[in-house]
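Engineer: My questions will all concern the structure given below.
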Amino acid sequence: MQRLRYAAGGDRLGPVPHQVGVPAVMAPGVPALLLLLTGAGTPHRLLHEEAVAPVPGVVAESGRPTAATAPAPRFEPTETVESAVSEGHRFRVHFTRQGPNAVPLADVDGNGVPDFVELVGRTYERVATFYVDLGFRLPPDDATTPGDNGGDGRFDVYLVDFARRGDGAFRMETCLDGATRCTGYMLQENDFAGYGYPSDQEAVEILASHEFFHAVQAAYRPNLGGIASEGTAVWATERFEPALDDLEGFTRYYLESPDRGLLTDPSGPSVGFSYGAGLFFQFAGERYGDALLVALLEESVRQPEARWPLLLDTCLRRDFASSFDAAFAQFSAWNLGTGARATPGYGYARAEGYAPLVTTATGLPASLASMRVAGASSRIFEVAGGASFVSATFEPETVTDIAALSLLVAAVTDDAVLRVVQVTGPEPLKAQVAAHDATRVLVAVVDGRPQGLGRYGQLCIAATGQDAACAPVLPPPPDAGTDAGTQDAGTVDAGRPQEPIDDPQDPSGADGGCQAAGAPLSGAFIVLLLGRGLRGRRRSRSGKSRSRK
């Protein structure tokens with residue numbers, strides 16, 4: 001790696017003696033970083049950075065972290081800052097050997113560059129190559145950036161002490177084409193001391209893949225909003241290296257609050273939800289392929305004012321014969337089988353590592369009037385199983401306002417999803433599921449609209465033998481058995497729940513497309529089955545680390 005030494009203000013210097021760093025101390029008055037606890041006392045994953053909205057086209061006036069006027073984290077005026085160029089020559093890594101921002105000084109190969117710095121450079125090179133291979137753009141170089149650009153046009157990574165208030169952040173500086181083709185630099189934790197990562201390599205892989213994807217986003221359009229920005233960055237880390245458990249740690253933020261819509265960016269203590277939304281983009285990647293995520297960013301340049309759900313809807317309709325609402329309904333179905341309920345062949349490839357879905361328990365029969373469901377969200381209720389059938393209905397207060405609504409009724413046990421029935425408008429939603437072998441039945445009302453306010457309606461749930469006029473249990477069709485192994489699944493692929501279909505040409509969905517047309521099939525319903533042979537098998541662990549959960 002090539003090296004360049006310069007003072008904290010940016011002036012280049014000759015060689016200086018190596019100095020041992022001192023421990024980092026958290027500044028007084030600085031709030032503890034967003035390390036929130038659930039009601040059960042289980043910690044959420046540490047968020048990587050504080051949410052900072054980028055300002056397109058505006059050069060940061062406070063300067064890079066080598067400047068005394070830069071906001072924290074930054075290098076101290078007394079620290080001598082060096083830099084080293086990665087072997088692939090795309091990155092320049094800036095670091096110091098003394099003071100609170102000192103990097104680990106081990107240098108096993110004796111080439112004068114700390115091994116930690118070389119690890120950072122190698123990892124960013126791997127990440128950049130990986131994203132290019134997926135089809136993404138890399139950020140433009142910063143050779144023309146006014147003021148300090150780190151010494152050349154390479155992408156700059158500054159290793160500074162976050163004092164456990166975060167561990168990385170992308171800082172956007174300027175845009176080369178109005179509000180698009182933006183570039184900036186990276187801040188990354190200098191030593192990860194006290195962060196609990198299993199190794200420096202895993203820590204750097206997570207930070208490099210997550211934070212550099214923010215730079216990739218800025219190479220298109222930087223103002224997609226917190227949910228799309230953080231959610232796709234979490235997906236990118238999982239896609240880069242599935243053995244990393246960042247996505248798994250963040251799923252709790254979403255699966256504890258599936259009734260919170262994806263259409264509005266959270267703020268304050270709720271900002272972790274944006275990271276948890278990575279689960280939606282993980283679904284999108286598994287269901288439709290990497291091309292959908294690439295198309296989303298490309299479309300953001302063509303429609304610079306459109307919000308990300310509408311951009312995604314455009315891509316799904318144009319390239320995948322689907323729609324946002326159809327995809328969101330299927331996403332909600334996949335979420336029924338996470339954590340202990342992860343079921344072989346159903347939903348996510350690695351759902352056993354995800355947090356469990358939080359539901360609202362209610363008795364039978366149940367009638368909930370004026371129940372609200374927000375756009376791009378689901379309201380999920382849980383009732384007892386064991387009855388021959390459980391029926392549910394949802395009728396919006398405005399009978400004409402039923403587009404993009406779905407009703408899911410799922411028979412489950414504590415450790416498996418047995419079968420799921422889904423109905424989609426435009427008619428009032430009515431569905432029932434065989435529940436004789438289920439310990440629980442989950443009922444989800446799903447609003448899959450990519451824009452708009454919440455909708456109100458009446459949800460009714462009843463079981464066989466209960467007098468509930470608003471959710472009657474109907475006699476099953478003559479050819480429908482009551483056993484999961486004998487009911488007819490039609491042409492639907494049980495391994496990957498599909499949205500309603502009327503022309504099942506390819507039930508496997510292996511081409512990354514989707515069988516449904518953009519508009520839902522009127523009054524359609526599907527039954528998704530998992531045979532008894534699947535129930536006895538549990539998917540082997542994926543080998544992911546669980547040490548930080």
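Engineer: So which GluC sites (Glu not before Pro) in the stretch 344-402 are both in a DSSP loop and have at most 13 other Cβ atoms within 10 Å of their Cβ?
Structural biologist: Taking the stretch 344-402 and a limit of 13 other Cβ atoms within 10 Å, the loop GluC sites (Glu not before Pro) found are E397.
Engineer: Check which residues have an amide H placed less than 5 Å from A277's amide H, if you skip close sequence neighbours.
Structural biologist: HN-HN under 5 Å from A277: empty list.
Engineer: Let me ask something else. Please report, to one decimal in angstroms, the Kirkwood hydrodynamic radius of the stretch 138-233 built from all distinct Cα-Cα pairs.
Structural biologist: By the Kirkwood definition, the hydrodynamic radius is 14.0 Å.
Engineer: Note the per residue figure in Å³ for the convex hull of the C-alpha positions in the stretch 192-262.
Structural biologist: 103 Å³
Engineer: Using the Karplus curve 6.51 cos²θ - 1.76 cosθ + 1.60 with θ = phi - 60°, what ³J(HN,Hα) values do you get for each residue of the stretch 364-371, in whole Hz, with x for Gly and Pro?
Structural biologist: Result, rounded to whole Hz: 10, x, 10, 9, 10, 8, 6, 7.
Engineer: Further question: Defining a contact as two alpha carbons under 8 Å apart and six or more residues distant in sequence, what relative contact order in percent does the stretch 74-157 show?
Structural biologist: 27 percent
Engineer: Moving on. Roughly speaking, what is the centre-to-centre gap between the stretch 320-397 and the stretch 263-295 when only Cα atoms are used, to the nearest Å?
Structural biologist: The stretch 320-397 and the stretch 263-295 have Cα centres separated by 18 Å.
Engineer: How far is it, in nm, from the label point at V132 to the one at E305 when both lie 7 Å from their Cα along the line to the Cβ?
Structural biologist: Result for the modelled spin labels: 3.6 nm.
Engineer: Name the long-range amide H neighbours of Y220: under 5 Å, sequence gap of 5 or more, or other chain; modelled H, no Pro or chain starts.
Structural biologist: Answer set, sorted by chain and number: R181, C182.
Engineer: Going highest first, how would you order 446-456, 210-220 by mean Cβ packing within 10 Å?
Structural biologist: Numbers: 446-456: 19.9, 210-220: 24.9.
Sorting 446-456, 210-220 by mean packing, highest first, produces 210-220, 446-456.
Engineer: Now for a separate question. Would you please put 159-168, 133-142 in order of how densely packed they are, using the mean number of other Cβ atoms within 10 angstrom per residue and starting with the highest?
Structural biologist: The most tightly packed comes first, giving 159-168, 133-142.
Engineer: Can you sort C315, C470 by how many other beta carbons sit within 10 Å, fewest first?
Structural biologist: Details: C315 23, C470 18.
In increasing order of surrounding Cβ atoms, one gets C470, C315.
Engineer: If I model a spin label as a point 7 Å beyond the Cα along the Cα-Cβ vector, how far apart are those points for D319 and S267 in nm?
Structural biologist: That separation, rounded to one decimal, is 3.3 nm.
Coordinate-derived values only; no laboratory data. Note that the structure is predicted; figures quoted are calculated from it, not measured. Cβ sites come from the backbone with ideal geometry, for glycine too, and all protein chains shown count toward neighbours.
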